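One structure is given here, and the rest of the page talks about it.
The values are calculated or read from the model by the stated rules, or taken from the named source; none is laboratory data. These numbers come from a predicted model, not from an experiment. Positions of Cβ are generated from backbone atoms using ideal geometry, with glycine treated the same way; all protein chains shown enter the neighbour counts. Side chains included, ligands, DNA and RNA excluded: accessible areas come from the protein's heavy atoms. Shrake-Rupley method; radii C 1.70, N 1.55, O 1.52, S 1.80 Å.
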Amino acid sequence: ASVRTIRAQRVEGRTVLDGRLDEPFWQRADKASDFSVIYSSKTAAVRKTVGRVAYDDDNLFVGVDCLEPRMDLLKRITAKSSGKFDYHEGETVEIFLDVAHNRKEFFQILVNTNGSWVTHTTQAMQLRNVEIYPAVQFREDGFSIEVKIPFAVLHLRPGQNRTWGFNITRARMIEGIPG
């Protein structure tokens with residue numbers, strides 16, 4: 001897979017965590033796009049996904065916009081879901097943060113389209129399920145997920161001007177096959 005760089009956008013003013021990526025800072029943010037299939041980096045992902053990163057004094061924000069032609073099916077599956085995190089109910093967006101940029105340790109956040117979430121880390125001394133704040137918004141042509149991650153969870157503070165490893169994946173399971 002190719003390595004690309006995006007810069008986190010500073011959030012000016014107040015943000016509303018509603019799943020919509022319509023605030024001005026999201027519009028100015030660098031975009032991560034042109035994703036590939038996870039096991040075949042030369043194969044383009046079938047459904048367009050765009051990720052963005054922003055921050056304020058206390059939080060990191062990740063916004064992911066997902067185009068989806070089968071919103072009818074996704075809405076039905078989401079409505080029938082248990083409300084708990086289940087990788088196979090709807091779609092899941094995964095966010096990987098390698099704040100040490102060493103490719104050995106990472107913080108993983110999985111957010112389902114039903115709004116449920118789970119976190120994992122490779123660092124044994126950290127809590128597995130920490131408090132993050134996701135929001136999901138459905139549209140006619142897709143959905144977006146907005147996640148607020150307190151810097152305290154990552155043991156960081158803004159303004160450190162560091163390079164992190166960052167990855168977004170989208171698990172599209174709504175037609176019964178991973179995509």
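Residues of segment 75-144: accessible area per residue at 1.4 Å, in Å²?
56
Less than 9 Å Cβ to Cβ from Ile77, Lys/Arg counted +1 and Asp/Glu -1: what total charge do the surrounding residues give?
It works out to a net charge of +1.
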